[in-house]
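The values are calculated or read from the model by the stated rules, or taken from the named source; none is laboratory data. Predicted, not measured: the structure shown is a model, and the values here were computed from it. Positions of Cβ are generated from backbone atoms using ideal geometry, with glycine treated the same way; all protein chains shown enter the neighbour counts.
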């Protein structure tokens with residue numbers, strides 16, 4: 001049986017492209033050669049080679065209608081070390097500003113090029129973590 005609700009849902013206008021993209025998130029601090037907390041860099045998906053030394057994971061990045069980017073990390077894409085290091089609290093610490101890829105900024109018309117240092121909400125859902133960056 002279907003349930004009905006009176007709540008409005010966000011929908012895209014007919015013909016609009018969804019504002020999401022899968023990218024590789026390299027964890028760490030840019031000036032510390034990927035050590036430390038935060039995001040060292042965002043890039044298009046890396047090839048599947050086992051010898052990449054920096055901690056990284058794929059994420060589905062959404063651009064919400066407000067001024068927010070949402071990074072969705074699937075549980076199956078993370079190993080125990082990444083979870084223990086970066087996903088153990090209800091916030092994600094960014095020690096140093098990190099750059100958004102210019103292609104992403106242009107494609108979604110994002111008014112900033114960097115995400116600033118700070119503590120950003122991190123919420124665990126059933127099979128994924130969601131990280132919310134306001135800009």
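Between 70, 110, 123, which is closer than 21 Å to residue 21 by Cβ, part of a loop (DSSP other than H, G, I, E, B), touching a strand residue (DSSP E or B) at 6+ places or on another chain (Cβ under 8 Å) and in contact (Cβ under 8 Å) with a residue 12 or more places away in the chain?
Exactly one residue qualifies, and that residue is 110.
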Name every residue in the range 1-43 that is touching a helix residue (DSSP H, G or I) at 6+ places or on another chain (Cβ under 6 Å) and at pLDDT below 90, in order of residue number. 19
Consider the range 92-107. How many of its residues are more than 21 Å from residue 44 (Cβ to Cβ), touching a helix residue (DSSP H, G or I) at 6+ places or on another chain (Cβ under 8 Å) and not in a loop (DSSP other than H, G, I, E, B)? 1
For the condition touching a strand residue (DSSP E or B) at 6+ places or on another chain (Cβ under 6 Å) and under 19 Å from residue 34 (Cα atoms), what is the one hit in 115, 60? 115
Tell me which of these residue 89 doesn't satisfy, since it passes every other one: (1) outside any loop (DSSP other than H, G, I, E, B); (2) in contact with a strand residue (DSSP E or B) (Cβ under 8 Å, 6 or more places away or on another chain). (1)
Taking only the range 73-86 into account, find how many residues are buried (at least 18 other Cβ atoms within 10 Å of the Cβ) and at pLDDT 90 or above. 1
